[in-house]
Amino acid sequence: GWGLHPPGLDFVGLCGHCALSFLIWPVLAALLAARRSPRGRMLALSVGALLALGVTVSRLTLDAHSPSEAVLGTLWGALLAGVFLWHERRPGRLQQAGGWMALVLLLPLLLTYGRVMPSNRILAVIARDVSGHARIYTRCDLPRAVLGHACGASPRARKPRQEASRR
């Protein structure tokens, strides 16, 4: 929201959905599988990572974020999850608190399911207040050459649908 971005790159901020999904789902899977065999723990961790990867793919499919934003969010979440899991790698560490920690991660999801979090508005207020700017920087402020299309027009929306081309 401050107008800082790599030159020539369609990037206004990392994808929070990707970061949180890679932080939450693999860690939650590892916590729930803490008492399983090493193979079972690795399988659970892989399932959590695949679920998180599905979130990343969905953000790209919906054109909610550019590839650079999705990749950076994914890497950031995976890094934080990796640091947590590395820190908790000692035998017995996750087994001791795994169930309670999993419940603590799941509880907010269960309590807020179906509700819209006003995160964009909250982030906009924080970015504006911290930067001292009167308004926040958005994707529409990027040069058209960087976007490859007009602001507000999805590159995918300009392509004819396959069904229409068959008629």
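Read the figures in this text as sums done on the coordinates, not as results from a lab. What you are looking at is a predicted structure, and each value in this text was computed from that prediction instead of being measured. Here the Cβ positions follow ideal geometry from the backbone for every residue, glycine too, while neighbour counts run over all protein chains shown.
The Leu9 and Ser46 beta-carbon pair, evaluated with R₀ = 25 Å, returns a calculated FRET efficiency of approximately 0.20. Extension gain, Ala124 to Leu85, is 10.9 nm, computed as 0.36 nm per intervening residue step minus the present C-alpha separation.
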